[in-house]
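So the structure is just underneath, and the comments pick up after that.
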Amino acid sequence: MSNVSKRTEGAIEELGGKIKGGVGKLIGNEKMRLQGKASELDGKAKQTAAKAAERTRGKVEEVVGAVKGRVGAAVDNGRIEASGRAQQMRGQVRQATNR
């Protein structure tokens, strides 16, 4: 399962938990309210874990791109250097979008 689908699953679980908790509160069912709160927190945790995994992937991509760019510069190969820089920037974007 991809991190994007894990984030989506977490968001759905969080929303479902909020709804269940709200219904439990509305009808005075403490057990239902607490189950809803637990589902809400589980959903938030899944989203946080997926974001952390994506940030890690982004950091690896950034570092690999930086190394590739430096190798390209060292061997005077503009294509490799540019490709490395692009990869480095993709990694930075991946990290920034998963904060």
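Rundown of residues vs (1) surrounded by 13 or more Cβ atoms within 10 Å (Cβ to Cβ); (2) of a type in the set (S, T, N, Q); (3) at pLDDT 95 or above; (4) in contact with a Leu (Cβ under 6 Å, 6 or more places away or on another chain), yes/no style:
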| residue | (1), (2), (3), (4) |
| --- | --- |
| Arg7 | yes, no, no, no |
| Lys20 | yes, no, yes, no |
| Val23 | yes, no, yes, no |
| Gln92 | yes, yes, yes, no |
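Met1: of a type in the set (A, V, I, L, M, F, W, C) and surrounded by 15 or more Cβ atoms within 10 Å (Cβ to Cβ), yes or no?
On the way: of a type in the set (A, V, I, L, M, F, W, C): yes; surrounded by 15 or more Cβ atoms within 10 Å (Cβ to Cβ): no.
Here the answer is no, as Met1 does not meet what is asked.
Identify all residues within the stretch 1-51 that are under 30 Å from Arg94 (Cα atoms) and outside any helix (DSSP H, G or I); write none if there are none.
Residues of the stretch 1-51 under 30 Å from Arg94 (Cα atoms): 1-18, 38-51.
Result: Met1, Ser2.
Given the criterion within 29 Å of Gly17 (Cβ to Cβ) and touching a residue at least 40 places away in the same chain (Cβ under 8 Å), identify the matching residue among Ala50, Ala96.
Ala50
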Inset, instruction - Return yes or no: is Arg70 closer than 24 Å to Arg99 by Cα, in a helix (DSSP H, G or I) and not hydroxyl-bearing (Ser, Thr, Tyr)? - result: no
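Taking the stretch 67-81, which residues are of a type in the set (Gly, Ala, Ser) and surrounded by fewer than 14 Cβ atoms within 10 Å (Cβ to Cβ)?
We begin by selecting, within the stretch 67-81, every residue of a type in the set (Gly, Ala, Ser); these are 69, 72-74, 78.
Answer for the stretch 67-81, where residues must be of a type in the set (Gly, Ala, Ser) and surrounded by fewer than 14 Cβ atoms within 10 Å (Cβ to Cβ): Ala74, Gly78.
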Legend entry - So Glu61, is it surrounded by 18 or more Cβ atoms within 10 Å (Cβ to Cβ) and out of contact with any strand residue (DSSP E or B) (no Cβ under 9 Å at 6 or more places or on another chain): yes
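Is it true that some residue in the stretch 31-41 is more than 24 Å from the chain's Cα centre (by Cα) and buried (at least 17 other Cβ atoms within 10 Å of the Cβ)?
Step one: of the stretch 31-41, the residues more than 24 Å from the chain's Cα centre (by Cα) are 31-35.
Applying the additional criterion that residues be buried (at least 17 other Cβ atoms within 10 Å of the Cβ) yields 32-33.
Yes, some residue in the stretch 31-41 is more than 24 Å from the chain's Cα centre (by Cα) and buried (at least 17 other Cβ atoms within 10 Å of the Cβ).
The values are calculated or read from the model by the stated rules, or taken from the named source; none is laboratory data. Note that this is a predicted model, so its numbers are computed, not measured. As a convention, Cβ positions derive from the backbone with ideal geometry for all residues, glycine included, and neighbour counts pool all protein chains shown.
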